[in-house]
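The structure appears right after this line, and notes come after that.
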Amino acid sequence: MKAFLNLFEQRVRGIRLIELIGLALALGMIFWVCLSKAREGEDIKRMSRLDAEIAQEAQAVSTLKIKVAQLERPARLEALATAYLGMKPIAPAHEAHIDSLSEISRTTSRPTRAMAATAVPVVPAAAPGEELISTTVHKAAAPALPAKQGLTQ
């Protein structure tokens, strides 16, 4: 205990050692506070820059939403479908009742002729000493596709 009390009584060039330690700690804290304030100022500048970027991006998003709304107008889409795809509104005569769906299904979906199975020649395994890769080209007959009516080439 006496050694601890001697710490308070020791002097360096006429100043007590405990006062020097306190002064060094106070100067260290002052330096730390100044450094923290400088970092805080940089952080505030960065945050304000980020807020400005967020506001700019929000403006761009709202502009894009307006453009999307203009491009998705039903009248515009209908005009484009008519002009480029030749589509037109369905006539009332084309509407079907739920009772007639089975008849419509039977009349429009006729089974097509099964395509003739083309026989592909089977190449036997190579005998010892022969090459496994053949240099002759085997051509299989291409299946004939039914011609669609109304199309010109």
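The values are calculated or read from the model by the stated rules, or taken from the named source; none is laboratory data. Here the structure is a predicted model, which means the values were calculated and not measured. Neighbour counts run over all protein chains shown; Cβ positions are idealised from the backbone, glycine included.
Considering region 101-111, and only residues there that are surrounded by 10 or more Cβ atoms within 10 Å (Cβ to Cβ) and not charged (D, E, K, R), the residue that is modelled with the lowest pLDDT turns out to be I104.
Surrounded by fewer than 10 Cβ atoms within 10 Å (Cβ to Cβ), free of Cβ contacts under 8 Å to residues at least 24 places away in the same chain and not aliphatic (A, V, I, L, M): which single residue out of G22, G14 fits that description? I'd like the intermediate steps shown before the answer.
On the way: G22 fails: surrounded by fewer than 10 Cβ atoms within 10 Å (Cβ to Cβ).
Within the list G22, G14, the selection yields G14.
Within region 72-86, the set of residues being in a helix (DSSP H, G or I) and surrounded by 10 or more Cβ atoms within 10 Å (Cβ to Cβ) comprises R76, L77, E78, A79, L80, A81, T82.
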